[in-house]
Every structure is written in structure tokens, then in C-alpha cells.
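Visitor: Here you go, one structure.
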There are 2 protein chains.
Amino acid sequence: MAEDPAGKSVLARLVEIVGAGHVLTADEDKAPYLTEWRGYYRGVTPAVVRPASAAEISAILKLANETGTPIVPQSGNTGLVGGQIPDESGREIVLSLERLDKVRSVDADGATIVAEAGVVLERLQEAAERAGMLFPLSLGAQGSCRIGGNISTNAGGTQVLAYGNTRSLVLGLEVVLPTGEIWNGLRGLIKDNSGYDLKQLFIGAEGTLGIVTAAVLKLFPRPSGQTVAFAAVESPRAALGLLKHARKLAGTGLTAFELMPRIAIEMLVKHMPGARDPLAAPHPWYVLIEVSSGRGESDAHELTLRSLAAALAEGTVADAAIATSVAQAQDFWRMRHALSEIQKHEGASIKHDVSVPIERTPDLIRLGSEAVAKAIPGVRPVPFGHLGDGNLHFNFSQPVGADGKAFLARAPEVHGIVHRIVTEMGGSIAAEHGIGRYKRELLKGVKSEIELEMMHKLKRAFDPNNILNPGRVV
Amino acid sequence: MAEDPAGKSVLARLVEIVGAGHVLTADEDKAPYLTEWRGYYRGVTPAVVRPASAAEISAILKLANETGTPIVPQSGNTGLVGGQIPDESGREIVLSLERLDKVRSVDADGATIVAEAGVVLERLQEAAERAGMLFPLSLGAQGSCRIGGNISTNAGGTQVLAYGNTRSLVLGLEVVLPTGEIWNGLRGLIKDNSGYDLKQLFIGAEGTLGIVTAAVLKLFPRPSGQTVAFAAVESPRAALGLLKHARKLAGTGLTAFELMPRIAIEMLVKHMPGARDPLAAPHPWYVLIEVSSGRGESDAHELTLRSLAAALAEGTVADAAIATSVAQAQDFWRMRHALSEIQKHEGASIKHDVSVPIERTPDLIRLGSEAVAKAIPGVRPVPFGHLGDGNLHFNFSQPVGADGKAFLARAPEVHGIVHRIVTEMGGSIAAEHGIGRYKRELLKGVKSEIELEMMHKLKRAFDPNNILNPGRVV
């Protein structure tokens, strides 16, 4: 462990900054911060440090620069690309944001909320709800992910269609820069062109350009009515037909549009307690559609019916089931949210988080499924997700009865196949989960030299000593 | 005029790059590029160069770096802060984007349009309309401003409430960097977290970090019904009450919400041919409210009525007139759009383009009006604009009968009063018109040292020789 220029150990200095109780060095204390729930990434660290304020974080980063100590910021530890887990070098200090956990203020009239980085997303949603408002960011991990991480990864989720990615929910930020200066950009303005929009730099930068410590976020009126339905369609192309009708009629009242294939329904029915086939007969594809209205339940219901009717008349929708109770609507959503998890009951799976221009999603599904099936006969494609955003979780379950380990060993080959098709379509190999450590090398294959150099320019300008989350993203 | 390292003049090199016909050096040819419509900024230049492609712009910027020649990019020349006009040094070359004027493609199914920087905004709106779609950016100068300038200034306008600023309409960009490299970031993705979101750097950077040459922009379904109404309210606070009802009921179907004071109506009725008092009796404040619906005219009408009724019941709306024809709706909008212009019939005016958190707008109007009236007795405040975005054009007409020149001479003092109040409220002194040359010095008074240094870091990283729009913004 390094010493500072005065010969004091870094750990001793950290204790001075945050207090002994918040520099964790015992293995059992550090363990929860050193791996993520899937166990894909495991790291080593001399200490997990738990500051309570931007000022303490500032002091830590100044110390890190003095001593060349790499710092890995960690928020809710739900990231899927290894960005928040220290590497195996034993040099990286984990900086946890969990003690910055206050909702500072909620302004229903101004439709804004000010929250610290460590607030759990679900707590933030609840604070908005108590004020009669909606914070729309919604995703599977919302019970444990924290808003600082959501901002640093520009999280997507299921409500992007209506409310945008996290980026469009952020009005202002407080950030500790890699060199330790605190930038107070906590403004709550819809319109501000007074110089460069600096907050954009830190949204989606995965903690490599600064540590987000607090944010001003947008709130929305709570819908007074909501309808959830399962629609059966012949193909992803037919689903796009339904999407068009629903967008035209409901505008941003169309709050979710999630595609799933028949095999996903079968896996759910087989493995998820309480899951039922949503329609009497089987169909090749399904869409979970959610419509919200500011005018009440019956209006949301009418909009859903009219959208479905327009698509039925065109023959793009074969059948549909509208949830008749809040409980049934929740059941429909539970099925959608369980999809990532449920696949493991069918053995190993190789996953992708990709996006293409919306119109190309049917081609991506067809070409990707064909190409991977050619390489691995019997593979079971399970492409599902946010069709309305062109974002698919394009997963492949192992052939029935195959060896899971041998299947997983072919992940790089399968990634190569899928990412090549995505790239040829002008798509993204990291739609909503980010780059982290996992996809950093892959970026070199899909980005131009110029773009990579632009990223490095930013990193060098803001983190000249490369101490903040090094080896992630750039 | 400088020479390149081989001794050739810069003008000769420019002719080699774009052809003699596109290097304008005669005074009468240069004149339209050297002043803006109000005549506030007048500049001097050795030449206006009119490239036809990103490749030509790349060559020009490489030459500029070799020879230390400052370049001022100019799009539609409608900017209000002097960013696009060369200074008086006679050193700055104007680079006009007007020849990059192609709409490259329109994709109604994918809801995207690809346009070059020089496309006039109104042409872009028309191209979207021909495809049955809407490009929502809408502002007074749309007949002459060009999309490259709209992007570089993150233009606002009257539809921000529903569709966001220009920033939220941009999916991808092609940019020539200050050093001449061409970055192709023309992606059409809703979700993309594959590294830093570099396009954000150039949106609103006023041509100081790169020259935007083309963009992928979002399209929306055209509303199938629209209602425009004038509502009379007792105060700006009462207008916020109406805003809340309309947002709750119509969501993003509320497409415009524009405040204006009685004095504005009086100026319009007096000076604008065909303008009529919208309501029988005079009222202290008015809101122009526009509601759009994907379900048709009668639905837009119903939403408007219900919003007005809810506010009437609370006593926040005193009276209202709903346009009964498309022609009348257009008349209402013409009155709103004429407001900036019409003030000149009442003598000199001192203008501000400011924003505050929405809930503070009534306080801003009250405190600002009082403070300026104290400094200049008889001054006539005319605060109007995008109340739904917290963005006001907070203008002051001279006292009746006063000397216009003497009044204008006090502009710095009035700016100081208004900007101080705005800053104390956490607002912005440049909400939608940008910084340019006009407000660059003012920034030092309202931004922290750290924020200014962050801006300089970006400028140095991307434009090390400071050749692109120097002296603007940073």
C-alpha cells in the first residue's frame, strides 16, 4: 500500500478523512463490495471507503492524485459490465456512495427532486409518489440500484419510450472531479444555454470523468389511469405496426412496449410460480403494451382498445388480453421482469444488450438468430426487450441437453456474430448496460480511431493522473 | 493576410479547396455575412468561404491550424449574440454552411431525418411533413435559420414543453473537429451507451468545439388535432395553476404555454395590422395555450376545455377564447410571434433571455419589474415567453416620451439588475439565445471558477490552437 509524500500510509490518511469506522479492511466487511450478484466479477481491494459528503470525496480524490492510488466508485453494485468492481491488482480502493443517501428536497410544483447519489432508486420513486408526482425511471434492479449509478450509466429501463433515458431526466448535477474539485451544477432549469452543458459529460461516463454526488431530477404528473395488455403478433415486423398505431394515438401516453418470443412465455410458464399463458392459443410473438393517461382509467383503456383495434383491422395483431385488474397488470409486468432471471432454469445463456434503428429490429432478430443457429445447431434464441427503443436483450439459451460450460466457452464467437450484424446496421453493442471492463476491448472493433481518440482527450483533460475508475470505458 | 508554411497565401489555398467562385472577397458579396438583421454586430473579414462538404471543411480547418487563421462558422446568420459575425480585427475568415443544404433521407417508419447543417429549418419541417411526420422545432426565425445553427445553439422555441430543446431532438451528428478530423457520429439510435456520448459536446457549443456538418434528428407523429386558446389570468402565479391542470390532463399533448402581459396585447392591437384584443374585457395577464392530440380535433378541443374548466373552477382563469378556425389559431400565433418585433414601435427596449426554476417565474417578474422601475421610473416591463419552461423574454420598453438613446445607454445597469435576481434564483442569464460574444464577459460574474475552468479544459483539448470561433463562449 502506497504512502503519501509525508510518509503516512494511504489507509491512515483515509481514516483521517472519513473516520476509522468507514474504512473497511476486514475481509468479511469488504466482501459485499468485491463481487456482483451474478459472480462474474470478483476483485481485490486494500479498503472500501465510505465517505459521507462531497467534501470527504474531494479529500479522498486529492489524496489519490498525490499518491497515485486508483479509485473505483461504487453505487448500488448492480452494474452488469464490471465497472464498479475493483480489479485483481489489489491496488484499487473502492469508494462506496451508500452513505450519501438523502433526498434533499421534493418540489411538486416545480416538478423537481434533489437527491444524493446513494439514494436507492425505489426510495426516490417513493419520495416522488408521496409528493403526488412520478419519477419515471424504472428497471429490474430498482430495489437496490442507486441513482448515482443510474446517472453514471445513463440507465434505460422500461419507460424510456415516454420519458427518455436517465440523461433526459437530469436537470443538474453536483460532481467531484477526478482532481478533487467540487463542481456545483445543481441547477433546476429546463432551458440553460449559458456555456457548455457540462453535466452531459458525466451522465453515462461510468464514473471515469468524475463522481456524481447529487442531482436535480425531473418529476412528472402521475398518470391517473393505466392499462396493461398482452398482444399476440405474427412477427417483430407486425409488432412495429402496432407500435405505430399506439404512438400515433397515445403519443407519450404509450409508456411501455416490450417484445417477447413464444419461447420466453414457455420458459415463464414452466419455471415462474404463478405465471400463466396470457392467451388461449400460442402465438409466435407477444408485446406487453402499457398505456397511461392523465384523464383516468377508462381513457387509458380506450386508447389501448383503439390501438389494438387499428392493428387488428390491419391483421398485425392476432389476439390480445387486457389486464382487468391492477393485480393482473402487475402479473403481466412480473412476467416481463422475470425474463432475465428465468432463462437460467434452461441452462447456460449467452447475452447481448444491443440497439439498432427501430426499423431494423426485425432484421436483427432474423439474421442474428440464423447466424448463431448456423454456428451452434439447436441454440435457442430468446430476443426480448424494449422494441419501442430499438433495444433488445438478444439472448441465446444453450441447446437442450448440451453441456453448459462448453456452450459458454463459445460466447466470444457468438458475441462476434451478433455484434458484427449490429454494427453493420449502425447499431450499438452497449445499448443500456454500458462498457465497464467487459466491453472495453470490444469498443476498439466498432468505433473509429477518431472517436476513441476523442474519448481519450476527455479522459486526459479531466483525469490527467488516470486515477478514477481506470481501465473502464476508455 | 497570412501565408502558409510554403509561402502561398491563405486565400490562394482556400481557392484551391473550394474553387474561386466560393471564396468571396468583394465587399458587396461579403456584406450579407458581416452583419445581422438588427445591425448590432458588424464585422470585417478578408473572405467568406463557402465549402460544399465536410471534406472541404476539413481541409479549411487544417489550413487554419497551419497558418493560425481564425475561422467563424456561420449557418443562417440569425443568432442574437454575435457568435456568427467576425470581429473587427479583419483576421477572421467566415465559413458559411449554406451550401451543405441537402436533406439526405427521411425515414417515416424509423421516425428519423438526416439533414446537412445548411438546411433551413422550415425546409426541414416541410420535408418531415411530406413524409407525414413532424419535426417539432419551431421558432420565429425558422424561415432563415439553418439546422446546423439550431444544433450549435441548442435552440429552444415554442414547442420545448412537449418535445424538449434541440438537444433532445438530436440522435447523431457529423462534426469536423477544430483540428480538421471528420467525426462520423451519424447514428440513429434511441439508446446507445457505448462510451461517452460525444455528440453532447457539440450541441450548444456555438461552433467553438467543432463544426456540425450533418445530423440525424428525431421525427414525431403529426398530431391529428390541435386547439389554440387565449386564457386570461389574474397573475403569473395563476397562469402556473392553469399550467398544472393542462400538464396533468394532456401530458405532452400540451405543446405550448406562452405568457404575455396586458401591455403586450395593447402594443399588438395598436401596431400590428389585423391584431385584435382576444377577449371582450381587458385582463392583466394572458396565456396562449396550444393542445395537440393524436386522436383528432374534438379530442384536442375537449382537453383544452377540461383544462380551462378546472382552472376556472379554482378561479385561476378569468376568461378564455378558443380559436374556432385554423385561421383564428394562426392569428393567435401570429400575435405571439410578432411580440419581439412590435416593441420597437414603442421606442427603445432593453431585452433579456433568462430562465429560472418554473415556480420562481412569478417572483422574477415581480422583483425584476420593481427593481428596474425603481432605477428608471416610468419604464414599461414587457415580460413574455415560454412560461412552461421557466424561460422569459424579460424586456423593458422605454418610458413614454423618454429619449431612446439615453434609455439604451442604461442597458448594462438594467442587465445587472435582472441578471443578479436571476442568478440569486439559481437561474440562467442565457436561456435559449446562447453566449456568443455578447454575454461572454457576463459569464465570469455568474459561473464558478471551477465551471469556467472546465469549459476551458474542453476548449483546449479540442481546439489547441484556438482557431475555431475564438472569443465566443469561452
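The values are calculated or read from the model by the stated rules, or taken from the named source; none is laboratory data. Nothing here was measured: the structure is a model prediction, and the numbers come from that model. Using ideal geometry, Cβ is built from the backbone for each residue, glycine included, and neighbour counts are taken over all protein chains shown. The area values use the complete protein model at the heavy-atom level, side chains included, leaving out ligands, DNA and RNA. Shrake-Rupley method; radii C 1.70, N 1.55, O 1.52, S 1.80 Å.
Visitor: Conditions first: (1) out of contact with any Gly (no Cβ under 8 Å at 6 or more places or on another chain); (2) within 13 Å of chain B (Cβ to nearest Cβ); (3) at pLDDT 95 or above. Residue A:414 passes all but one, so which condition is the exception?
Guide: Result: residue A:414 passes all but (2).
Visitor: Got at least one residue in the range A:276-287 being hydroxyl-bearing (Ser, Thr, Tyr), surrounded by 24 or more Cβ atoms within 10 Å (Cβ to Cβ) and within 27 Å of residue A:131 (Cα to Cα)?
Guide: Checked the range A:276-287: no residue is hydroxyl-bearing (Ser, Thr, Tyr), surrounded by 24 or more Cβ atoms within 10 Å (Cβ to Cβ) and within 27 Å of residue A:131 (Cα to Cα).
Visitor: Okay, next question. With the checklist (1) over 27 Å from residue B:112 (Cα atoms); (2) open to solvent by less than 10 Å² (accessible area, probe 1.4 Å) in hand, flag the one item residue A:406 doesn't pass.
Guide: (2)
Visitor: How many residues, within the range A:453-469, are open to solvent by 20 Å² or more (accessible area, probe 1.4 Å) and either touching a residue at least 60 places away in the same chain (Cβ under 8 Å) or more than 9 Å from every other protein chain (Cβ to nearest Cβ) (or both)?
Guide: 4
Visitor: Restricting attention to the range A:8-29, report how many residues are open to solvent by less than 40 Å² (accessible area, probe 1.4 Å) and not in a helix (DSSP H, G or I).
Guide: 4
Visitor: Take the range B:1-58 and flag every residue that is farther than 22 Å from residue B:78 by Cβ and touching an Asp or Glu at 6+ places or on another chain (Cβ under 8 Å).
Guide: B:4, B:5, B:9, B:10, B:13, B:17, B:18, B:54, B:58, listed by residue number.
Visitor: Here's another thing I want to ask about it. Answer yes or no: is there a residue in the range A:321-335 that is assigned to a strand (DSSP E or B), more than 14 Å from chain B (Cβ to nearest Cβ), in contact (Cβ under 8 Å) with a residue 40 or more places away in the chain and open to solvent by less than 70 Å² (accessible area, probe 1.4 Å).
Guide: yes
Visitor: Separate question: Find all pairs meeting these conditions: Cβ atoms under 6 angstrom apart; at least six residues apart or on different chains; first residue within the range A:194-221 and at positive phi; second residue among the hydroxyl-bearing types (Ser, Thr, Tyr) and surrounded by fewer than 24 Cβ atoms within 10 Å (Cβ to Cβ).
Guide: none
Visitor: So which of A:127, A:162, A:141, A:117 is among the aliphatic types (A, V, I, L, M), more than 9 Å from every other protein chain (Cβ to nearest Cβ) and touching a helix residue (DSSP H, G or I) at 6+ places or on another chain (Cβ under 6 Å)?
Guide: Testing whether each residue is among the aliphatic types (A, V, I, L, M), more than 9 Å from every other protein chain (Cβ to nearest Cβ) and touching a helix residue (DSSP H, G or I) at 6+ places or on another chain (Cβ under 6 Å) leaves just A:117.
Visitor: Moving to a separate point now. May I ask you to list the residues in the range A:343-396 that are under 16 Å from residue A:261 (Cβ atoms), surrounded by fewer than 19 Cβ atoms within 10 Å (Cβ to Cβ) and of a type in the set (A, V, I, L, M, F, W, C)?
Guide: Hits for the range A:343-396 are A:367, A:373.
Visitor: From the set of residues in the range A:141-165 that are outside any loop (DSSP other than H, G, I, E, B) and β-branched (Val, Ile, Thr), which is modelled with the lowest pLDDT?
Guide: A:160
Visitor: Where residues in the range A:171-222 are open to solvent by 10 Å² or more (accessible area, probe 1.4 Å) and basic (Lys, Arg), which of them is farthest from the other protein chains (Cβ to nearest Cβ)?
Guide: A:218
Visitor: Looking at the range A:417-452, which of its residues are open to solvent by 40 Å² or more (accessible area, probe 1.4 Å) and either more than 8 Å from every other protein chain (Cβ to nearest Cβ) or within 24 Å of residue A:73 (Cβ to Cβ) (or both)?
Guide: A:420, A:423, A:424, A:433, A:437, A:438, A:440, A:441, A:442, A:444, A:445, A:449
Visitor: Considering only the range A:65-78, I want to know if a residue exists there that is open to solvent by 20 Å² or more (accessible area, probe 1.4 Å), more than 19 Å from residue A:219 (Cα to Cα), in contact with a Lys or Arg (Cβ under 6 Å, 6 or more places away or on another chain) and charged (D, E, K, R).
Guide: Scanning the range A:65-78, I find no residue that is open to solvent by 20 Å² or more (accessible area, probe 1.4 Å), more than 19 Å from residue A:219 (Cα to Cα), in contact with a Lys or Arg (Cβ under 6 Å, 6 or more places away or on another chain) and charged (D, E, K, R), so the answer is no.
Visitor: Quick one: which of A:132, A:118, A:149, A:140 is small (Gly, Ala, Ser), closer than 19 Å to residue A:37 by Cα and over 11 Å from the mean Cα position of the chain (by Cα)?
Guide: Exactly one residue qualifies, and that residue is A:118.
Visitor: So, in the range B:115-140, exactly how many residues are open to solvent by 30 Å² or more (accessible area, probe 1.4 Å) and assigned to a loop (DSSP other than H, G, I, E, B)?
Guide: Looking only at that region, the number is 4.
Visitor: Filter the range B:90-114 down to the residues that are basic (Lys, Arg) and in a loop (DSSP other than H, G, I, E, B) and list them by number.
Guide: Of everything in the range B:90-114, those that are basic (Lys, Arg) and in a loop (DSSP other than H, G, I, E, B) turn out to be B:91, B:99, B:102.
Visitor: Please work out if residue B:240 is buried (at least 24 other Cβ atoms within 10 Å of the Cβ) and within 13 Å of another protein chain (Cβ to nearest Cβ).
Guide: Criteria not met by residue B:240.
Here's the yes/no breakdown for (1) under 16 Å from residue B:334 (Cα atoms); (2) of a type in the set (A, V, I, L, M, F, W, C):
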{"position": "B:239", "(1), (2)": "no, yes"}
{"position": "B:242", "(1), (2)": "no, yes"}
{"position": "B:248", "(1), (2)": "no, no"}
{"position": "B:273", "(1), (2)": "yes, no"}
{"position": "B:276", "(1), (2)": "yes, no"}
{"position": "B:285", "(1), (2)": "no, yes"}
{"position": "B:296", "(1), (2)": "no, no"}
{"position": "B:300", "(1), (2)": "no, yes"}
{"position": "B:304", "(1), (2)": "no, no"}
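Visitor: Sort out which residues of the range A:80-99 are under 15 Å from the mean Cα position of the chain (by Cα) and open to solvent by 30 Å² or more (accessible area, probe 1.4 Å), and write them in order of number.
Guide: Passing the criteria: only A:80.
Visitor: May I ask you to verify whether residue B:79 is under 26 Å from residue B:161 (Cα atoms), in contact with a Gly (Cβ under 7 Å, 6 or more places away or on another chain) and in a loop (DSSP other than H, G, I, E, B)?
Guide: yes
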